[in-house]
Amino acid sequence: MKRIVVGITGASGILYAKRLLDALSGKAEIHIIISYAAKTVAAYEGISLDGYPAVYEDNARLEADVASGSFLYDCMVIVPCSMKTLSAVANGYADTLIARAADVCLKERRRLILVPRETPYNRIHLTNMLAAHDAGAVIMPASPPMYTNPQSVTELADMIVARILDHCGIEHQIGKRWQ
């Protein structure tokens, strides 16, 4: 069973994180880190991130297992990824557990997927995305495809979740693939 770290930050789009956690439940060992801002946004968006069969990590606890390169995990996903977190990852400013775990992914050459949910991007955002990409991260903006003719916001979110799962090497039956 794969071990996946999921960081959830304070950008709008907590539904992406919820749908990812739904999809990973029972398929992976999950470690969840939720920033304070993400908890606030989740409340505004009416989404609960509680109750998953997972290890919940405190974002202020830099001595957590996931902060060490010796703690093995297969992939980390930050979804949604705020521009603040993107900046921390791109610039090696590991002052939170989310940023530290991402830094570990990069230094250990593990898969790190950043799902920014912001529009439009300014030059600083784009520069930070390029820096994170050059360091080894996969930048996967929350830009779902429309060719599937989605009927709900959940179906839109699921298309991004399907791509995340593909990049984490987790088999799934979510959404439609291009034929």
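The numbers here are math on the coordinates, done by the rules we state, and not lab data. All values reported here derive from a predicted model rather than from experimental measurement. All Cβ positions, glycine included, derive from the backbone under ideal geometry; neighbour counts span all protein chains shown.
Taking chymotrypsin sites (Phe, Trp or Tyr not before Pro) as exposed when DSSP calls them loop and at most 11 other C-beta atoms lie within 10 angstrom, the chain has its longest site-free stretch at 1-146.
With charges set only on the Cβ (+1 for Lys and Arg, -1 for Asp and Glu), what does the dipole of segment 2-168 come to about its Cα centre, in debye to the nearest 20?
On the way: 16 positive and 17 negative charges, 53 e Å.
Value, rounded to 20: 260 debye.
Label separation (Asp65 vs His172): 2.3 nm, computed from points 7 Å beyond Cα along the C-beta direction. Absence of a disulfide-compatible partner, taken as no other cysteine beta carbon within less than 4.7 angstrom, is noted in the chain for Cys81, Cys105. Using 0.36 nm per residue and subtracting the Cα-Cα separation, the extra length available between Thr154 and Glu29 on full extension is 42.6 nm.
Summarising the label geometry, the points placed 7 Å from Cα in the beta-carbon direction at Glu45 and Asp58 lie 2.5 nm from one another.
Under 5 Å between amide hydrogens, built in the peptide plane, is the criterion, and for Ile33 it picks out Val6, Gly7, Ile8, Glu57 among residues at least 5 positions away or on other chains. Between the residues His125, Val104, Tyr52, the greatest Cα displacement towards the positive end of the dipole of the chain, with unit charges on the Cβ of Lys, Arg, Asp and Glu, is found for His125. As a proxy for reagent exposure, ranking Leu49, Leu156 by other Cβ atoms within 10 Å from fewest up yields Leu49, Leu156. Arranged from fewest to most other beta-carbon atoms within 10 Å of their beta carbon, Leu86, Leu72 become Leu72, Leu86. Ranking of Cys168, Cys81 by neighbouring Cβ atoms within 10 Å, starting from the fewest: Cys168, Cys81.
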